[in-house]
Structures are given as structure tokens and as C-alpha cells.
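Below is one structure; the comments refer to it alone.
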Amino acid sequence: MSGRPSLEGASLGWNGLRLLTLCVYVFMFAPIVVVILLAFNSARTGSFPMEGFSLQWFGKLFDNDSIIAAFETSLILAASSSFLATLLGVMAAIALIRYSFKGKAVISNLLSLPLLMPEVVLGVSLLMFLKFLHQPRSFLLLLLGHTVLSLPYVILVVQARLVGLRQHYEEAAMSLGANRLQTFLDVTLPLISPAIIGGFLFAATLSFDNITATLFWKKPGIETVPTKIFAMLRTSISPEINALGAVMIVITIALPLLGGYVVRRLTRGR
């Protein structure tokens, strides 16, 4: 009998925790659902109740040259920075996991700094450093900044794959006469390719939807999709903004899901 009140109290506590968790999820995802729903509203006013279902606002996105230019800039920037981050991240991960050298811990901590440092601080510091060097803001600065932001994530993903990968395969290849380059291309690279693809897509997602640091680094006249939405919000909330936001939401959700699916498929194949 004495244990029954404690069990009832524990059950009540778990139910309260579930309710609190549900409230947190509603608070987080309700605005996203609202934006997507209003993107299909046929009325010009972006408010409820919806007057009808329409795709006209998505069509108007393709008629807006500035939005198309922002999409092109974001895609080029995301692809370029992700490629550089993946290239550097794979080399850094292999060096940190497979080799021992002086200053290894220091280099590892320095590469992890963008994870710990707020984007505002990183954006201002890099901007002030280039101003000290008398270098103007440009697309190259934007590319460099996005690469720095994405690099630690690629390193972590590839490192996790390398830690779980035994060196017996590489040692066996080298014992059979393969040099280090052949071992990497024929053995290591195929085995870590799922992590490379996942890291690339993760870096592309981070670059595509970044706005905080981009506002500091972009050259006047260059707009990415997030900064374009931010600029449009200064005037009014129009249905085009809801449609553009819905497209951004789909892309930022689809890329990680695609990366996870590809990684699982390739990992099973290996």
C-alpha cells in the first residue's frame, strides 16, 4: 500500500513531462506549419482563415528576378563552400585520427572553435580582421566564412566514421605493396564515402540557410535566400515571403534527410 502513492506520483510526473515535451514541440514547429499553410493561401493577406488553395505565389517566385538571383547565389555558395569544407575536413579528420604529431590537440581544438563560438562573434571578428588587412567584403569572403563555419561539422562526421573503421584493411593493402595514396584511394576512401557524402550535405544545409554571419560578410548587392527574406520582411509580410519560406523549409529539411538516407544505403552496401 505504501508503494502505491509513489507509483501514482511517478506516473503523474511522467505525464507532466510528456505534456511539457508536447508543448515545446508545438511551440517550435507551429510557426513552420503556419508559414507552409499560408504559402498556399489564395488571398493576398497572409492571415487566417484561408480563403482558398492556390499555387500562384510559388509561380510568382519564378517571375521575380531578384529572388532567382538570390537562389543562384545560395546554391553556388552552398556547393562551393561545402566542397572546400569537405575536402579540407576529410584531410584534417584523417590526420587527427590516423597520425600522431606535435600540436595535435591544439589543432583539434582550433578546428572546433567555430562550433563553440557564436556566429555573431565569428562574423564580426573575421570582418574586422579583413578590414585590418584593407580587404573589402566580397563573394570570396562569403565563401571563406561559410567554409570555416561548415568545416568542424564535416570533420566530426568523418572522424566518427574513421574511429569505427579498423586499420586492418589499410595495413593489409600496404603489406601487399600499395603505397599510402593507393591505400587511401582504393581502401579508405570507399569505406568513408558515406560519411563524406553526409558531411557534404550537412555543410550545404548549414551554408544554404545561414543568415547571421552572412549579413556581416556579404557584399552590398549580393543577396542569398535568407538575407533576401530578411530584406523583404522589412517592408511587409506578403504571400511571396510565405512561399519563399516554405521552399526554404523544404530544402533545409530534405537535404539532411537525403544525406541520412544515402549514408544508410552506402553503409549497408559496405
Roughly how many Å is it from the Cα centre of region 84-161 to that of region 211-257, as a whole number? 24 Å
With no solvent and one point per C-alpha, what does the Debye sum give as log10 I(q)/I(0) for region 53-142 at q = 0.12, 0.24, 0.25 Å⁻¹? -0.64, -1.22, -1.24
For the pair residue 181/residue 261, report the inter-label distance in nm, with labels modelled 7 Å from Cα in the Cβ direction. 3.8 nm
Run the numbers on the chain and let me know its relative contact order in percent, using alpha-carbon pairs under 8 Å that are six or more apart. 30 percent
Expressed to two decimals, region 56-269 has a Cα Rg over Rh, using the Kirkwood radius, of 1.05
What number, rounded to the nearest 500 deg cm²/dmol, is the helix-based mean residue ellipticity at 222 nm of the chain, given -39500 (n - 2.57) per DSSP H run of at least four residues and division by all its residues? -26000 deg cm²/dmol
With the cut-off at 23 Å, tell me which of the pairs 131/228; 60/219; 131/218 have Cα atoms farther apart than that. 131/228; 60/219
Cα-Cα separations in region 149-270 greater than 26 Å, expressed as whole percent: 42 percent
Within region 138-226, report the trypsin sites (Lys or Arg not before Pro) that DSSP leaves as loop and that have at most 15 other Cβ atoms within 10 Å. 166
Label point 7 Å out from residue 37 along Cα-to-Cβ: which residues of region 53-72 have amide N under 16 Å? 53-54
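Coordinate-derived values only; no laboratory data. Everything numeric here is computed off the predicted structure, so don't read it as measured data. As a convention, Cβ positions derive from the backbone with ideal geometry for all residues, glycine included, and neighbour counts pool all protein chains shown.
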